[in-house]
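Encoded as structure tokens, the structure appears first; notes follow it.
The values are calculated or read from the model by the stated rules, or taken from the named source; none is laboratory data. Note that the coordinates shown come from a computational prediction; the quantities given were computed from them, not determined experimentally. All Cβ positions, even for glycine, are placed from backbone atoms using ideal geometry, and neighbour counts span all protein chains on display.
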Amino acid sequence: MEQFLYLSFVRIIGNDEVLSRDRKTIGMELDIYIPKYNFALEPGNWNLHKNNIERDRIKREKCSDKNIDLITIYDMFPKDSLKPFDKNCYIFTDDLNKMDHVYLKQLVNELCNKYSILNNLSEEDYITIENEAYENSKSMTHDIFCKRMSEVHPNIQVIDKYVNSNKRIKVKCNICGFEWSGVPFNMLAGDGCRKCGTKKAHEKFLKEKDCLINELKNINPDIEIIGEYTGRHSKIKTRCKICGFEWEPVVSSLLRGSSHKNSKSMHNSLK
């Protein structure tokens, strides 16, 4: 189901416009995210999701806070049961992984209409997508999984025996030595070593902070940073070197050359 939806929107919108397993946008994983049209798809089997409805609800709230429509899709949903969410929630009683994708095609068309996306896919295109989705979802042997892992993550070593794409498997990072149990499907989609990822993110953050200070020296030499930097789109405590006024502007506004309120009149009174 997920592969069919992902490949359909890749063919319609373009590979660069459709993100798989995005974790950066809301701090939780989004199965399929399309930033250009501000919506994400979360397809899944009801039997796997019914015990994690609270997690699904939190995802929807986090998406809503960022003006993203999270569209939840459950198959194998029991008949005559109430939908867990009133808005943007689609339920199917059938197993959509084992039948033809007529319902998913209808859903793709409906979403394209809803978000004014031009859909030129033909029936032949859908057949191709269906076959490709099936090939991508087929069970892999241990050797094939290891080969694909070496292509995606050449510095990660597979320790345990591969069983299927959803059963966690123990792996080891050959760079830092960190060992963990990851979901094979997620790792092949790009999930790597968390420890190395955190280190890279911290190094990038420190570099960004140093760049900010250097930029401000040229753009706003009369402003001093006295608070903790958390990002370019966050507020930071700042002091004016001329009059001593303290305020908390958004970092990006400082980089555009802005100063504090009534700065001209306050500075003129000191002359």
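A few comments on the model shown:
- Test: residue in segment 16-36 that is surrounded by fewer than 19 Cβ atoms within 10 Å (Cβ to Cβ), over 24 Å from residue 192 (Cβ atoms) and either in contact with a strand residue (DSSP E or B) (Cβ under 8 Å, 6 or more places away or on another chain) or not basic (Lys, Arg) (or both): no
- Screening residue 118 on (1) in the same structural domain as residue 31 (by TED's automatic domain parsing); (2) in contact with a strand residue (DSSP E or B) (Cβ under 9 Å, 6 or more places away or on another chain) shows it passes everything except condition (2).
- All positions within segment 224-246 that are touching a residue at least 12 places away in the same chain (Cβ under 8 Å) and within 24 Å of the chain's Cα centre (by Cα): 229, 231, 232, 233, 234, 235
- Of all residues in segment 204-223, exactly one satisfies the criterion of being surrounded by 14 or more Cβ atoms within 10 Å (Cβ to Cβ) and free of Cβ contacts under 8 Å to residues at least 24 places away in the same chain, namely 209.
- Of residues in segment 82-93 being surrounded by 12 or more Cβ atoms within 10 Å (Cβ to Cβ) and over 24 Å from residue 26 (Cβ atoms), the one nearest to the chain's Cα centre (by Cα): 92
- Residue 103 passes every criterion in (1) surrounded by 14 or more Cβ atoms within 10 Å (Cβ to Cβ); (2) over 19 Å from residue 44 (Cα atoms); (3) more than 25 Å from the chain's Cα centre (by Cα) apart from (2).
- Restricted to segment 42-78, and to residues there that are of a type in the set (A, V, I, L, M) and over 12 Å from residue 89 (Cβ atoms), the residue that is modelled with the lowest pLDDT is 48.
- Scanning segment 215-248 for residues that are outside any strand (DSSP E or B), out of contact with any Gly (no Cβ under 7 Å at 6 or more places or on another chain) and of a type in the set (A, V, I, L, M) gives 216, 226, 242.
- Any hit, segment 117-135, residues being out of contact with any Cys (no Cβ under 7 Å at 6 or more places or on another chain), of a type in the set (S, T, N, Q) and surrounded by 15 or more Cβ atoms within 10 Å (Cβ to Cβ): no
- Top-ranked residue in segment 40-79 [being surrounded by fewer than 20 Cβ atoms within 10 Å (Cβ to Cβ) and assigned to a strand (DSSP E or B); ranked as farthest from the chain's Cα centre (by Cα)]: 45
- Of the residues making up segment 170-208, those that are acidic (Asp, Glu) and at pLDDT 90 or above number 1.
- Selection from segment 225-253 of residues that are closer than 23 Å to residue 203 by Cα and either outside the structural domain of residue 210 (by TED's automatic domain parsing) or in contact with a strand residue (DSSP E or B) (Cβ under 9 Å, 6 or more places away or on another chain) (or both): 225, 226, 227, 232, 233, 234, 235, 236, 237, 250, 251
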